[in-house]
Amino acid sequence: MKLFYCFVAVVLLNVIACCVRGYQLKAAYSTRQKLLENQDDTLHMFVDKLPNMPKVYGYSYVHGVPKPKHIAVGMFMKKWKFHRDLPPTTVFAFGTSPEEATVPGPTIEALDSVPTYVTWENHLPHKHILPWDPTIPTAIPNRGVPTAVHLHGGIQSPQSDGNPLAWFTANFSETGPAWSRRTYTYPNQHQLPGNLWYHDHALGLTRTNLLVGLLGAYVVRSPEEEAPLGVPTGKFDRHLMIFDRTFNKDGSVYVNTTGVNPNIHPIWQPEYFGDTILVNGRAWPYLKVQRRKYRFRILNACNARYLNLSLSNGMALTQLASDSAYLPHPITLTSVLLAPAEIADVVVDFSESTTRKVALINDAVYPFPHGDPPDSRTGKVMMFLVKSAGRAPLAHDMDNSRVPQDLITYPSAVCNEAVKTRYIVFYEYGGSTGAPTHLYINGRRFEDPATEKPAVGSTEVWKVINLTPDNHPLHIHLAVFQAVEQRELVGVEEFMGCMTVENDALKCNVSKHARGQVVPVPMNERTWKNVVKMAPSFMTTVVVKFEFVHCKEPYPFDATAYPGYVYHCHILDHEDNSMMRPLVLVPK
């Protein structure tokens, strides 16, 4: 009888979760309005120019031949202007020096098969800018701000992966149990040409450290493969790193200091949603564009907010790549949905614009997919100012670029190549109020021993079952993966009740429940990715490769070494508490 009441309680808590989330958002917004009264009138949109982040090259040329290079990138506390009319904000910023440090950090340019060596230097103070919650699994040194830098989408050794337990404080005075080296090696070998990014990954502090600025872009280029495509290059090839923040009147980053279950977690909240949209470190910037094609590498760097991006005049977005891999063919879209940490590489042809002003807008609800629509602030991202028609372009602005019919084709995701099938289950747990207290994968904590131990060079099928009300962006370190089926669950309450006790999809007769409608995987996501969206009440089947997808070369490092890797939800508030699991590779 006690088990029955347990089933009922769990089901009811999950059923009301969406309603509770809505209440939390409204309560947080009310508190915010009282604290920041009249700020809406002080920050005007589209008054700051879109910054172009500085570049740091991870290679050098010697007699015309590219050679590996060692670079040092520090993390510094400094002041940063996010808006013309906002006082300078104290941030943590990446850069080669305090003066050169920016938010986001410099774009690191790498070449395929040419290693880059980076020493990540922590120059941060003894105390964090923001409050953080020690009741969730967290790196807690005696003093100092712990950091662990992860190259998201990179294929690198465990020691260079930025494991959450490989944290370090200023001058490496304190280090986490998995820390082993000051300089990381990024082989860039057989790395698909495309878009990656780097960010802090310290245990329990990822959401906090990113809120104050620790993120930046990383690009792997392959001139031999990419030059024949003919897509826009140079100054017509731009990064758009989008994230949301809320600011106090003094310019400081605002976070709510009271958790949704303060008796359990005094500060932690299930999602952070800011009311100001920033691109490349400026609030609602503008960019003057020629009447020609531009390439935009768009990253959703929000902690929790999904972005559904479109252009205000209905112009097309032609997508070339998703995350770090090209698509086989360009996909023409009117909007692009990006989960946190997801990247869309698109071309926009402004010669087709019928308006002088073109806004990049967002209409994704939050939390996604069952939340509220964005308001007048969060529904706008940036503005493009299109050059007047009739003016002859200068020679260096002539548009000789194109969008080819074919891009780069990689081997397909094939389920029958898999040596193992795993069930990966997402759970959300609630307190007495129904508000979340923590989130687990497969009912286990991050600290629990690894249960996923794939063989190096293997292909697996993961059937990811989402028993929470949220869409979760799944990210697997080292591996690349591709969704092949999204199937709705039926009889979810019955299945959830069984899973809460058994935590075993086969024992709970998953085949009885995974027989709802099949939603096609979007065409623009049918490539090898490092983030895949997991819809609520769905079982998403993904093919996971622990090898290079386009060749049979072995990894140029020991992927079985300590401390291994991790996989997690990339909603940072979920990842930190504690929707992350260790991933240990074993010899083939």
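Brief remarks on what is shown
- Number of the condition not met by Y186 [criteria: (1) in contact with a helix residue (DSSP H, G or I) (Cβ under 8 Å, 6 or more places away or on another chain); (2) surrounded by fewer than 24 Cβ atoms within 10 Å (Cβ to Cβ)]: (2)
- Options K2, K26, K34: the member that is more than 27 Å from D244 (Cα to Cα), at pLDDT below 50 and over 25 Å from the mean Cα position of the chain (by Cα): K2
- Residue match in the stretch 88-99 (condition: without any contact (Cβ under 8 Å) to a residue 24 or more places away in the chain and open to solvent by 70 Å² or more (accessible area, probe 1.4 Å)): yes
- Enumeration of residues in the stretch 207-241 that are of a type in the set (S, T, N, Q), farther than 20 Å from I571 by Cβ and open to solvent by less than 30 Å² (accessible area, probe 1.4 Å): S222
- R487 being of a type in the set (D, E, K, R), open to solvent by 30 Å² or more (accessible area, probe 1.4 Å) and touching a His at 6+ places or on another chain (Cβ under 9 Å): no
- Taking the stretch 300-324 as the range and being open to solvent by less than 10 Å² (accessible area, probe 1.4 Å), on the phi < 0 side of the Ramachandran plot and under 15 Å from the mean Cα position of the chain (by Cα) as the test, the residues that pass are N300, A301, C302, N303, A304, R305, Y306, L307, S322, S324.
- Restricting M75, M53, M45 to residues that are crowded, with 16+ Cβ neighbours inside 10 Å and assigned to a strand (DSSP E or B) narrows the list to M75.
- Only one of the numbered conditions (1) of a type outside the set (A, V, I, L, M); (2) within 30 Å of V65 (Cβ to Cβ); (3) under 23 Å from the mean Cα position of the chain (by Cα) is not met by P115, and that is (3).
- Subset tally (residues that are closer than 16 Å to K127 by Cα, assigned to a loop (DSSP other than H, G, I, E, B) and open to solvent by less than 20 Å² (accessible area, probe 1.4 Å)) for the stretch 154-174: 1
- Any hit, the stretch 382-402, residues being out of contact with any helix residue (DSSP H, G or I) (no Cβ under 8 Å at 6 or more places or on another chain) and among the β-branched types (V, I, T): no
- For beta carbons closer than 9 Å, sequence separation of 6+ or different chains, a first residue in the stretch 501-522 that is modelled with pLDDT of 95 or more and a second that is open to solvent by 80 Å² or more (accessible area, probe 1.4 Å) and charged (D, E, K, R), the qualifying pairs are N503/R444; C508/E494; C508/E502; K512/E494; H513/E494.
- L210 vs. criteria among the hydrophobic types (A, V, I, L, M, F, W, C) and part of a strand (DSSP E or B): no
- The stretch 405-426 residues that are within 25 Å of G194 (Cβ to Cβ), paired with ones that are part of a helix (DSSP H, G or I) (beta carbon under 9 Å, 6 or more apart): D406/L229; L407/L229; I408/E225; I408/E226; I408/L229
Yes/no per residue for (1) part of a strand (DSSP E or B); (2) open to solvent by 20 Å² or more (accessible area, probe 1.4 Å):
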{"residue": "F384", "(1), (2)": "yes, no"}
{"residue": "A389", "(1), (2)": "no, yes"}
{"residue": "D406", "(1), (2)": "no, yes"}
{"residue": "A413", "(1), (2)": "no, yes"}
{"residue": "F426", "(1), (2)": "yes, no"}
{"residue": "T433", "(1), (2)": "no, yes"}
{"residue": "D470", "(1), (2)": "no, no"}
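- Test: residue in the stretch 92-105 that is aliphatic (A, V, I, L, M) and not in a loop (DSSP other than H, G, I, E, B): yes
- In the stretch 355-382, the residues that are part of a strand (DSSP E or B) and of a type in the set (D, E): D372
- Exactly one residue among R143, R181 is at pLDDT below 95, in a loop (DSSP other than H, G, I, E, B) and surrounded by fewer than 19 Cβ atoms within 10 Å (Cβ to Cβ), and that residue is R143.
- Consider the stretch 213-240 and keep the residues that are in a helix (DSSP H, G or I) and of a type outside the set (D, E, K, R). The one that is farthest from M398 (Cα to Cα) is P223.
- Close pairs (7 angstrom Cβ cut-off, 6 or more residues apart or separate chains): open to solvent by 40 Å² or more (accessible area, probe 1.4 Å) in the stretch 258-269, of a type in the set (D, E) and part of a loop (DSSP other than H, G, I, E, B) anywhere: P266/D133
The values are calculated or read from the model by the stated rules, or taken from the named source; none is laboratory data. These numbers were taken from a predicted model, which means no experiment stands behind them. Heads up, the Cβs are rebuilt from the backbone with ideal geometry, glycines too, and the neighbour counts pull from every protein chain shown. In case anyone asks, the SASA skips ligands and DNA or RNA and just uses the protein heavy atoms, side chains included. Shrake-Rupley method; radii C 1.70, N 1.55, O 1.52, S 1.80 Å.
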